[in-house]
Amino acid sequence: MSPHVRRAAIAAAAATLVAGAVYGSAQAQEDTSQGPSVQQAETLRDAASASGRFVGTAVNDGRLYDGNYSSIVASEFSSVTAENVMKWDTVQPSQGNFNFSGGDRLVDFAQQNNQQVYGHTLVWHSQLPSWVSNGGFNAEQLNAVMENHITEVVSHYAGQVAYWDVVNEAFNDDGTLRQSVFQQTIGEEYIANAFRAADAADPNAKLCINDYSTDGINAKSNAMYDLVSSLLDQGVPIDCVGFQSHLILDQLPSDYQENLQRFSDLGLEVIVTELDIRIQDPADSSDLQRQAEQYQQVVSSCVAVSGCAGVTVWGISDADSWVPGTFPGYGAACPWDEYLQPKPAYDGILTGFGG
Ligand code: 9MR
């Protein structure tokens with residue numbers, strides 16, 4: 001059995017356990033009701049679980065203290081991703097100084113709410129402290145720095161984090177490898193080295209490569225396809241490919257599902273890791289309706305692809321989204337509005353999961 005097939009079998013067994021646990025608790029609640037009951041509205045996590053998928057959200061650490069925010073995260077989602085607090089600049093801001101406080105807070109929250117934790121991210125050119133990016137390390141030294149970071153972080157969370165984005169955003173949009181400090185100093189083998197280090201630190205975590213603008217079939221996703229095929233051929237322990245899916249209203253690639261499918265056909269899990277759909281200001285009701293349909297299409301594409309393990313949205317509320325800060329003139333990208341009221345997009349996701 002090749003390493004990735006072995007990993008996929010472990011993954012399937014773990015997913016069944018999680019789904020069973022969630023379903024089991026819902027059953028227990030129903031069994032205590034007397035006579036005809038008023039059905040509680042179905043949540044995203046119920047619908048996702050019924051389709052054998054997880055539904056996740058990025059969690060903003062600073063917002064977990066808001067009871068309205070945290071109760072939505074707890075009740076609607078079966079998976080959580082740290083929006084920022086598991087990134088290198090937070091976790092190892094200076095060499096050898098590790099800070100797991102934010103990540104530990106999220107893991108505790110997830111355990112209290114019977115949720116999976118999706119780890120984001122180990123090796124990325126952004127949110128990388130300058131002691132790494134401008135440290136003047138040679139190839140051997142930087143490889144050791146990278147592997148040590150991975151070993152410390154993954155072993156700290158071993159058994160608690162189900163998936164890791166091991167390498168994030170390795171490509172340019174034209175499909176060439178991004179000239180990050182890792183690529184420039186170590187060369188392309190930094191990618192395989194990173195996966196091997198993560199596998200050694202937690203053989204049960206599922207290990208992903210993640211990128212944006214790989215959502216349709218294009219030069220960048222073709223390059224990703226070639227890279228992961230070659231990693232599999234070399235026996236590198238890779239389990240999954242993340243498709244960030246930071247989409248623009250009315251620009252969902254028509255070959256979105258076909259693209260997920262071709263990666264799934266390699267025997268890898270595919271995951272929609274950072275879904276949002278931004279709208280040019282001001283969003284009107286027709287925009288919000290089309291946004292709902294496009295959220296639904298993304299989710300139903302995942303449900304239609306056997307290897308698609310789940311969908312994570314990149315934040316619940318328009319009040320906290322990264323979009324307006326990065327794309328001035330765009331917003332309204334999330335499933336809840338700035339007052340934490342569900343938007344039509346919420347129903348789109350629910351319907352996409354078959355709810
Ligand atoms: O949402 C994150 C935002 O709060 C940070 O300021 C930003 C810094 O780069 O990162 C955002 O999340 C990114 C994710 O980690 C990787 N893919 C793109 C996401 C949006 O920029």
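Bear in mind that the values in this text are calculations on the coordinates, not laboratory data. None of these values were measured; they are calculated from a predicted model. All Cβ positions, even for glycine, are placed from backbone atoms using ideal geometry, and neighbour counts span all protein chains on display.
Averaging the sequence gap over all C-alpha pairs within less than 8 Å and six or more residues apart, then dividing by the number of residues, gives the chain a relative contact order of 17 percent.
Looking at region 269-354, the DSSP beta bridges with both ends there are about 40 percent antiparallel. Here the dipole of region 140-192 is about 140 debye; that uses its Cα centre as origin and unit charges on the Cβ of Lys and Arg (positive) and Asp and Glu (negative).
In this calculation the C-beta distance from Q184 to Q289 is compared with R0 = 45 Å, giving a FRET efficiency of 0.45. Note on S94, S79: ascending count of other Cβ atoms within 10 Å places them as S94, S79, the fewest first. Counted over the chain, the DSSP beta bridges are approximately 10% antiparallel. Helical runs assigned H by DSSP (4 residues or longer) give the chain a calculated mean residue ellipticity at 222 nm of -14000 deg cm²/dmol, each run adding -39500 (n - 2.57) before division by the residue total. Fully extending the segment from S230 to S71, taken as 0.36 nm per residue of separation minus the present Cα-Cα distance, adds 53.0 nm. Just name one of S130, G354, V153: the one whose Cα is farthest towards the positive end of the charge dipole of the chain (beta-carbon charges, Lys/Arg +1, Asp/Glu -1). Positive-most Cα among the choices belongs to V153. The magnitude of the dipole of the chain, with charges of +1 and -1 set on the Cβ of Lys/Arg and Asp/Glu and taken from the Cα centre, is near 580 debye. For region 205-319, the residue among V236, I248, Y212 whose Cα projects farthest onto the positive side of the dipole built from Cβ charges is V236. Isolated cysteines in the chain, defined as those with no second cysteine Cβ under 4.7 Å, comprise C334. Once the convex hull of all Cα atoms in region 210-355 is built, its volume per residue stands at 103 Å³.
Per-residue packing, averaged as other Cβ atoms within 10 Å, sorts the ranges 200-208, 65-73 into the order 200-208, 65-73, beginning with the highest. With both labels modelled 7 Å from their Cα along Cα-to-Cβ, the A50 to S94 distance reads 5.4 nm.
The relative contact order of region 174-235 comes to 40 percent, based on Cα pairs under 8 Å that sit 6 or more residues apart. Return the lysines within reach of K87: Cα separation strictly under 27 angstrom, same-chain partners fewer than 8 residues apart disregarded; answer none if there are no such residues. By straight Cα distance, K87 reaches K206, K220.
Computed about its Cα centre, the charge dipole of region 204-273 is approximately 140 debye, with only Lys, Arg, Asp and Glu carrying charge at their Cβ. A full extension of the chain between Y339 and D281 corresponds to an added length of 19.1 nm, given 0.36 nm per residue minus the alpha carbon distance. Ordering of 108-118, 312-322 by packing is 312-322, 108-118, highest average first (other Cβ atoms within 10 Å, averaged per residue). Based on Cα atoms of the chain, Rg over Rh with Rh as the Kirkwood radius reads 0.96. Of the complete DSSP H runs in the chain, none spans 24 angstrom or more by Cα along the long axis with a mean Kyte-Doolittle score not below 1.0.
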